[in-house]
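Have a look at the structure below before the remarks.
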Amino acid sequence: MAKRKAFITGITGQDGSYLAEILLEKDYEVYGMIRRSSSFNTARIDHIFGDIELLFGDLTDGSVLNRLMRTIRPDEVYNLGAQSQVHVSFQVPEFTADVTGMGTLRLLDAIREEDLKCRFYEAGSSEMFGQVAETPQTETTPFHPRSPYGVAKVFGYWITRNYREAYGMFAVNGILFNHESPRRGPTFVTRKTTRAIGAILRGEQNELRLGNLDSKRDWGFARDYMQGAWQMLQADEPDDYVLATGETHSVREFLDEAFGYAGLDWNDYVKIDERYFRPAEVDFLLGDASKAKEKLGWEPTVRFPELVRMMVDHDRERRHTEEHYV
């Protein structure tokens with residue numbers, strides 16, 4: 001029996017690297033799309049480099065997406081690629097809309113045009129809820145995005161639903177709340193914090209500049225969430241699911257946990273920098289993953305303190321000369 005084929009956009013990112021590992025463990029052929037750049041940004045997948053096939057492409061290039069779908073003919077497509085930094089999306093809103101929003105449409109249309117009977121996963125985001133209408137947030141909570149990134153993700157969500165309803169495609173939205181890991185990008189507040197702790201302990205840094213310490217997020221472990229993404233594509237019928245831990249913690253609480261675990265007082269190191277405040281802030285996110293638990297049997301395995309300590313341990317041991325993401 002032939003192996004199932006999976007195609008992943010954003011394979012070099014945090015989520016893509018964990019998903020690729022999961023799919024390899026399940027004996028898939030794994031194909032990943034990467035953008036051409038002057039530096040080869042594959043640090044997160046270097047350990048599985050020989051087991052996957054990487055192909056050049058971009059979510060802004062529909063002709064390449066069509067060709068990749070035609071030549072690979074995957075059984076499952078996971079769209080994890082995006083301009084995913086909320087703060088950056090205010091600075092490059094048009095680019096964010098093109099990659100994060102229109103990129104989803106281009107990929108869906110490539111699947112449709114090539115008449116593939118594959119299953120499609122769209123990486124939605126809790127940022128779509130933005131200024132929340134209710135707490136906790138579920139699959140039926142109205143969207144009110146507060147950033148160009150959130151707006152683009154709402155477009156991706158609705159175009160995925162539209163193609164499911166219009167063309168009968170097996171297309172699902174995973175509405176994932178914040179998910180972190182030692183592979184999180186260095187500009188996200190969680191990883192920025194744990195990297196700073198490691199640098200402080202090594203005498204390489206003496207302060208950490210952050211923005212709003214009062215914003216609250218529902219933080220889980222990225223690998224758990226990619227397991228959930230795979231489970232969504234194994235269901236009998238396509239549907240949309242929230243993945244979350246059901247707990248919310250402020251940035252301040254993250255600092256308490258992380259610095260405290262390292263034997264430090266964050267008040268001695270953290271400086272508030274207005275450059276890191278957003279034009280429109282999302283103050284509070286808390287997800288309810290009851291539907292995913294009931295229909296998919298999905299539950300998070302890593303809780304907040306364990307997640308924070310995992311990240312601190314990794315960055316405490318990280319050599320300063322290592323690849324920038326790790």
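Summed over qualifying helices (DSSP H, 4 residues or more, each -39500 (n - 2.57)) and divided by its residue number, the chain shows a 222 nm mean residue ellipticity of -11500 deg cm²/dmol.
For the pair Thr301 and Glu165, the difference between a 0.36 nm per residue extended length and the Cα-Cα distance amounts to 45.6 nm. Strictly greater than 31 Å: what percent of every Cα pair in the chain meets that? When all Cα pairs of the chain are counted, 29 percent exceed 31 Å. Once you have a ≥ b ≥ c as the square roots of the Cα gyration tensor eigenvalues for the stretch 1-79, tell me rounded if a/c is under 1.5, and otherwise prolate or oblate according to whether a/b is larger than b/c. Because a/c hits 1.5 or more and a/b fails to exceed b/c, the stretch 1-79 counts as oblate.
Each residue, Glu134 and His47, gets one label point 7 Å from its Cα in the Cβ direction; the gap between the two is 4.1 nm.
Each residue, Asp268 and Lys117, gets one label point 7 Å from its Cα in the Cβ direction; the gap between the two is 6.4 nm.
Were the residues from Trp158 through Asp61 laid out at 0.36 nm apart, the gain over their Cα-Cα distance would be 32.9 nm. What is the angle, in °, between the Cα long axis of helix 14-25 and the longest principal axis of the Cα atoms in the chain? Nearest 10 is fine, range 0 to 90. For helix 14-25, the angle is close to 60 degrees.
Measuring between their Cα centroids, the stretch 256-314 and the stretch 176-232 lie 7 Å from each other.
Angle of helix 304-317 to the longest C-alpha principal axis of the chain, folded into 0 to 90 degrees and rounded to 10: 80°. All other residues whose Cβ lies under 14 angstrom from that of His144 are scored, Lys and Arg at +1 and Asp and Glu at -1, for a net of -2.
Of the lysine pairs in the stretch 187-326, how many meet both conditions: Cα atoms under 26 Å apart, and a spacing of 8 or more in sequence or different chains? So the count works out to 5. If you take the square roots of the eigenvalues of the alpha-carbon gyration tensor of the stretch 250-294 and sort them as a ≥ b ≥ c, do you get rounded (a/c under 1.5), prolate (a/b over b/c) or oblate? In terms of gyration-tensor shape, oblate.
Only beta bridges with both residues in the chain are counted; by DSSP, about 5 percent of them are antiparallel. Of all lysines in the structure, the ones whose alpha carbon falls short of 19 Å from that of Lys3, not counting any fewer than 8 places away in one chain, are Lys26, Lys117.
Rounded, prolate or oblate: which fits the stretch 79-175, taking a ≥ b ≥ c as square roots of the Cα gyration tensor eigenvalues, rounded meaning a/c under 1.5, else prolate when a/b beats b/c?
Numbers: a/c = 2.63, a/b = 1.36, b/c = 1.93.
In terms of gyration-tensor shape, oblate.
Between the helical axis of 251-261 and the dominant principal axis of the chain, each derived from Cα atoms, what acute angle in degrees is found, rounded to the nearest 10? Relative to the chain, helix 251-261 is tipped by roughly 70 degrees.
For the stretch 200-326, take the alpha-carbon Rg, divide it by the Kirkwood Rh, and send me Rg/Rh. Could you put the intermediate results ahead of the total?
Values: Rg = 17.5 Å, Rh = 16.9 Å.
Radius of gyration over Kirkwood radius for the stretch 200-326 works out to 1.04.
Coordinate-derived values only; no laboratory data. These numbers come from a predicted model, not from an experiment. Counting neighbours? That spans all protein chains shown, and the Cβs are built from the backbone with ideal geometry, glycine included.
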